[in-house]
Amino acid sequence: ASWREACGWDRGEVVPFGPLYLSPAAAVLHYGQEIFEGLKAFRHADGSVWTFRPERNAERLQRSARRLALPELPTEAFLDSLRAVVTADEPWVPEATSEESLYLRPFMFASEEFLGVRAAHAVEYYVIASPAGPYFPRGVQPLVVWITDEYARAGAGGTGAAKCGGNYASSLLGKREAAEHGADEILFLDSETHTSIDELSGMNVFAITADGRLLTPALTGSILEGVTRESILRLAADRGLEPLEQKLEMSEILAQLGSGEITEMFACGTAAVINPIGEFRAHGGSWRVGDGGSGEITLALRQELTDIQYGRVPDRHGWLTRLV
Ligand code: PMP
């Protein structure tokens, strides 16, 4: 769909996948005025196709749009766009038995041709789709996470809470550094003091204590408000864990790993679902989480979440929306 300042959004259409025409002076190429979302379409055993809490993604796209001075796409138009793409590509939604899904990537960018610095008056919105298997090549295996003391993902008053391409651009060098240290992922600390946990490059972080608390960083404006994060807080409370959103000092977390007070840690997001964290590495050393394996509660939460998504257990929170 296209948006023009004078007339708003048009109706949009489904077209075959192919290259885009963009002017070399399109604002997005110079100033990064771009936002996106990520969701999955799941096929159930009866053949129907569903998505998970898409209205939360619609609302987050609207919040990201406000922060990046882009026009908001109404929730109904967002849901219609997902339905249009999945209907057109329906054979690509993997079978229910495969534990795979169709990843949906809605995105919006400034297409107007100009070189001055201002919000664009012409914007495009697309949804592309791709079948998705496991996020990490090794499947659900404990992650090695590199703690960077050099790079931050977002600063106060910046765009950390928005899902915009620029945040990911600023995380790439840190991700490369993590890979050079044999790690699967990078942990970003807060940009002010570089001491408390923010998030991974594409996932929110959780810790479970021996006495049944589930800890995750509070939404301070520098981390993404994950849909998976919010859902896990709910599922954990249902199981009798005490969910706590608070500032998590990295040094305290590492000490509590050593003392056994924290027994499990995991990272979560739409693409990766829930993945155990087995080890942290940093310039100063390395720290094991529990026995370095996959925690029991972590795997149970993952099982429960995927059972809901694939329709294997009742959707007791009303989280699923039917697409086909
Ligand atoms: N943080 C970042 C930086 C992410 O890119 C993502 C993935 N969208 C998440 C957290 C998790 O968000 P969600 O659970 O909505 O996928």
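Listing for the model above:
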| item | result |
| --- | --- |
| Options A65, V205, H181, ranked by Cα towards positive dipole end of the chain, top entry (Cβ charges) | A65 |
| At most 13 other Cβ within 10 Å, DSSP loop - chymotrypsin sites (Phe, Trp or Tyr not before Pro), the range 18-93 | Y21 |
| Relative contact order of the range 175-223, defined on C-alpha pairs under 8 angstrom at six or more residues apart (%) | 24 |
| For the chain: relative contact order, % (alpha-carbon pairs under 8 angstrom, 6 or more apart) | 19 |
| Full-extension gain in nm, I128 to D307, via 0.36 nm per residue minus C-alpha separation | 61.9 nm |
| DSSP beta bridges in the range 143-309 [antiparallel fraction, %, rounded to 5] | 65 |
| Trypsin sites (Lys or Arg not before Pro) restricted to the range 216-324 and DSSP loop, no more than 15 other C-beta within 10 Å | R239, K247, R312, R316 |
| Cβ-placed point charges (K, R +1; D, E -1), dipole of the chain about Cα centre in debye, nearest 20 | 380 |
| Low-density loop positions, GluC sites (Glu not before Pro), the range 218-256 - DSSP coil, at most 14 other Cβ in 10 Å | none |
| Neighbour net charge for A282 - beta-carbon separation under 12 angstrom, K R +1, D E -1 | -3 |
| Shape category assigned to the range 2-133 from the gyration tensor of Cα positions, a/c cut at 1.5 | prolate |
| Under the span-like rule (Cα at least 18 Å along the axis, Kyte-Doolittle mean at least 0.0), DSSP H helices of the chain | 75-88 |
| The range 118-218 - share of DSSP beta bridges that are antiparallel (%, nearest 5) | 60 |
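Every number here is computed from the coordinates shown, using simple stated rules; none is lab data. Owing to the predicted nature of the structure, the values given are computational and were not obtained by experimental measurement. A quick note on method: Cβ atoms are made from the backbone with ideal geometry, for glycine too, and the neighbour counts reach across all protein chains shown.
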